[in-house]
Structure formats: C-alpha cells, structure tokens
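> Submitted below is the structure of interest, expressed as structure tokens.
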Amino acid sequence: MNMFTLGFPNEETRSCFHKIFAESQRKNKFVNPGNEIFKQAKNSPLFVDKSHAIASINRIVRTYDSRVCVTRPCGFGKTTFANMLAAYYSKDCDSRHLFNNLKIANDPSFEKYLNKLNVIHFNVADFLEYSQIGDIVPEINTRIVSELKSLFPQVNYYSDDKLVCTLGQIYSATSEQFVFIIDDYDLLVRRRFPEENIISFFHFMIGLFKNSNIAPAIALVYITGILPVMRTASQSGLNNFREYSMLGSYRLADSVGFTKEEVNELCKAQDMNFEECKRRYNGYNLNGEEIYNSFSVIRAMRNREFSNNQIDSVAFEVVGNLIRQNFKGILDDIKFMLDGGRIEVNVTSYLNAK
C-alpha cells in the first residue's frame, strides 16, 4: 500500500481552510453575527470611515429615542453602515482592532458599548428564500428564536414560537439587552407582495417595537429602507421611530453617503478628477452637507471611469418601470425636467399607506 503524507502546502491555503472551518463552526447567523462583513469592507482600499456617527447612535442607546429609521434611497451605504453597527455592538466577537484607528476611537463613548450588547441583525431578504408564500414572520420567529434559545439555554422558556415572548423571558431571567438592526425593512412593499404579507410583517414589527412589556429588553432599534415608516390610517404604526431622511437628516446627515471632502480624498488617492466626479454625482444637500451617492462614487473609482452607474442597478430598473406607468403624469413631468424645466412638489405631503 502506497502511503502519502498530507498537509497544507503554504500559508495561503492554510489561512483559507482555517476561515472555511471557522465559518462552518458558527452556529448563529442572525444573533450576534460577528464582524466579518465589516472587516471585509474595512479592508477595501476604497473604505471611507463613517464610524464617527456611532457616537450619535450611542447617545440614544437605552433612551426613549432609541428607535431609528434611516429612509434614504439605494446606493447611499445604508447597509454598510448597518454592518458597521453590528460589528461595534455585537457580543461574542472582539472588534477593538477594527475600530482602534477609526474616528469613533477618539470619542468618549467608544468603550461604553463596544461589543457589549446582543445584536439581532438581518435583512428582510434573508427570509424570502425560506418562505414561498411570502409570509416571512413565521420564519423570522422560528430561526431567530432557535438561535436565542441556543445562546441562552439557562432560561426556562414557556413559549416556543414567538420572538417577542422569547426576548421577554430572556430579559426577565438574565437582564440581557438587545440591539435590533434590520436592513431593507420596506422590501415587501417595494416588491409588491400581497397586502396580507405586508400587514403581517408590520404587525410583527409593531408587536416588537411598541410593546411596553419588553421595551426594557431592547436597547436600540436601527432599521433602513427607502419608504417612510409604514402608516396605518392617519397614524404611523411605528410612530415611536425617529426618521432620518433626505429631508430631515439632522445629526446623521453625513453618516450615509459621501461628503464632498470624502469624495475629494478618494479622487486624490485613486488619481481621479474630482471636478468630473462632482459634475457626475453631486446634487444632494443634506443639512448644508454636500452629499454624494456612495455606490456611484465607489463604482467609478473601481472602474477608473466616470459613467452612469445607477442605470445598471436593479433599483434604477424598478424605478424606471414605475415611471413608465406615468402615474399622475410623473413621466410627463420627468420629460419636462429633462428639457430643463422645474417642477414644484410638496414632498412632505407624501404618505406611505402600505
């Protein structure tokens, strides 16, 4: 019998297999997900440090204002910012080395919550693959509750299926608090899911985040999307959320999207023409801040070419399909603006009914 000795030929393959093994051992996907995604973003040569905004979020943790909704369009880095928050707050990982050389490290609040809270982090799209009928609430309950019970086996659970009940039982037994980070909370609305699925999901959200019984268990809620928070009749079903939008960005004005200074630095580093970048992608003014769409800027830097990046995106395709329906003459108005015209719109009167 011929015998062979096996081993890793070099450090590259050893590191690769070590990473695969580590990921295969990770049991939790949604609860305390770790910092790997943010680590990958930080390793990019085009990484822009937005960590200073964590200080603003830290000020509202465990307060009456701890429900935050960021409702900016696609391409402004909402997901990247959410991943950074998950890496900063999440227990069961050590993110100090990722933040030590970032802006937040110089803020007095840096140590206060660094890897000290339990994080429940998911994108609504994560559960679509599990639900063929579009009702994702049972899947969210099942998968997250399963992870929580594995993480807190010492708790005497009397309910098997509801996340809201499970959180309450964990808090009563351990005083552990949670941060919710939910990306694309409006996905069911944007993809035009059946009304009953949309209502089911938002009732789930209301049951979690407007429930006074478990409010002490939830230290922070940070959700992102395009649409304003779901409204029911004339009242918002989630009216305890503070919305940070293109119209009212307040202290988060420069946290999502790139500022003029940040784009200028990227252009210098990549030897790209800043004035051309500004001509292509400038056009947003938030609380006096000149803000650029980060997706467009990053793609231009990567390709080393200024082009109409949004045209190739799925989001633009969806918007284009809606525009072509010419609802209330929107297509006609856009044609008029393309010819140099200006249209007056009362954007504050918009209500999201679904």
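The values are calculated or read from the model by the stated rules, or taken from the named source; none is laboratory data. Source: prediction; values computed, not measured. These accessible areas exclude ligands, DNA and RNA; they are computed on the full protein's heavy atoms, side chains included. Shrake-Rupley method; radii C 1.70, N 1.55, O 1.52, S 1.80 Å.
> Tell me, what is the per residue accessible area of the stretch 120-245 in Å², probe radius 1.4 Å?
43
> Amide H to amide H under 5 Å from S245: which residues, 5+ apart in sequence or cross-chain, H placed 1.01 Å off N in plane?
Long-range HN contacts for S245: T71.
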